[in-house]
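First the structure, in the form of structure tokens, and then the observations on it.
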Amino acid sequence: MKPARRKYAALRYNKNAARIILEHGFASLSTVMGRMKLEFLYPEYYFKKYRGWRIVSATLSFEKGKREFYLGVSIEKEDIVKVAEGKVLGVDRGLKNLVVTSDNRFFNSKKMRGVRGRYAHNRATLQAKGTRSAKRRLRKMAGRERRFIACENHRIAKQIVNTEFQVIVLENLKGIGKQRTMTNGMKTKLNQWPFHQLQEFIEYKAEELGKVVMFVDPRHTSQRCNRCGHVEKSNRKGNLFKCMRCGYQLNPDLNAARNIADSGMSRLGRLPVNQPNASCDEGRTLKWDSGVVECRRKIIPHHEVDPRCALRDRP
């Protein structure tokens with residue numbers, strides 16, 4: 001029977017209301033007409049990948065376009081202990097190159113931009129025509145572009161995670177599209193840029209392998225020279241990075257990826273608790289508590305003060 005439901009509604013089953021055996025493609029679901037025993041298609045690849053996981057819940061949804069029921073199964077297992085040691089991989093995300101890694105790997109966006117342009121042209125043409133066959137064609141095209149982009153992001157994330165690097169460093173790009181000085185054309189490109197989806201795919205794939213994903217400040221990663229550390233806006237000119245101090249030349253995205261990797265290694269190398277540096281000011285004591293520094297002045301008799309280390313009033 002075709003269910004009357006909202007667009008994204010689904011039936012929820014806990015582990016008692018649904019008995020699911022993935023190995024045999026068998027499910028027993030509780031319904032208003034009693035228990036129903038059903039068979040479902042389950043690829044062998046998933047069985048090998050998720051063998052030993054525990055089933056905790058399931059959701060039953062109806063796909064209107066295909067007129068088929070889908071059973072979404074939630075599974076879990078014990079977390080893998082993450083080890084923040086080993087090689088560090090810097091990942092730079094951009095518009096021309098979707099991803100450039102610090103180990104000299106480039107993932108160009110030419111194919112993705114071509115597919116998106118073709119779908120945009122086809123949609124505009126069919127919407128302008130407005131006939132019944134055009135609308136039917138639009139419904140058939142719905143979701144294809146989104147699935148293609150998700151597939152590309154899955155492919156890229158899988159290649160990044162399945163490397164010998166234990167720590168993956170990304171830029172924190174939250175709020176990048178809210179800059180006031182940005183043009184409308186650039187805002188449109190950023191809104192169509194699937195960087196957040198790629199970040200989510202990298203995070204959960206790395207978590208499954210016990211790898212660590214870190215985020216660093218994105219400021220000056222494209223303007224800083226990876227060799228001498230000089231930061232200047234004129235270092236980057238289009239698709240060329242040339243340091244104005246040492247003359248070092250490199251692809252700008254690769255230079256940014258290496259700077260991101262250096263920032264990640266710098267964070268890993270920090271001590272968990274910062275220790276104060278020794279000072280000749282014996283009249284000053286430092287109290288460190290949760291990163292907040294409080295300075296207190298010790299009262300010393302005038303005749304005991306060394307003139308070379310005398311305290312001076314500072315603002």
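The values are calculated or read from the model by the stated rules, or taken from the named source; none is laboratory data. Remember, it's a predicted structure, so these values are computed and weren't measured experimentally. For neighbour counting, all protein chains shown are included, and Cβ atoms are generated from backbone atoms with ideal geometry for every residue, glycine included.
Structure summary
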quantity: Restricting segment 197-233 to residues that are part of a helix (DSSP H, G or I) and touching a helix residue (DSSP H, G or I) at 6+ places or on another chain (Cβ under 8 Å), the residue that is surrounded by the fewest Cβ atoms within 10 Å (Cβ to Cβ); calculated: Gln197
quantity: Criterion violated by Asn104 - all others in (1) under 25 Å from Arg227 (Cβ atoms); (2) polar (S, T, N, Q); (3) in contact with a strand residue (DSSP E or B) (Cβ under 9 Å, 6 or more places away or on another chain) satisfied; calculated: (3)
quantity: Where a residue in segment 189-216 is on the phi < 0 side of the Ramachandran plot and free of Cβ contacts under 8 Å to residues at least 12 places away in the same chain and its partner, wherever it lies, is assigned to a strand (DSSP E or B) and not charged (D, E, K, R), with Cβ under 6 Å and at least six apart; calculated: Glu203/Val213
quantity: Which listed residue, of Leu60, Leu95, Leu89, Leu71, is on the phi < 0 side of the Ramachandran plot, in contact (Cβ under 8 Å) with a residue 24 or more places away in the chain, surrounded by 13 or more Cβ atoms within 10 Å (Cβ to Cβ) and not in a strand (DSSP E or B); calculated: Leu95
quantity: Failed item in (1) over 24 Å from the mean Cα position of the chain (by Cα); (2) within 30 Å of Leu22 (Cα to Cα), with Glu152 passing the rest; calculated: (1)
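Rundown of residues vs (1) modelled with pLDDT of 90 or more; (2) among the hydrophobic types (A, V, I, L, M, F, W, C), yes/no style:
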| residue | (1), (2) |
| --- | --- |
| Ile202 | yes, yes |
| Leu209 | no, yes |
| Val212 | yes, yes |
| Phe215 | yes, yes |
| Ser222 | no, no |
| Phe241 | yes, yes |
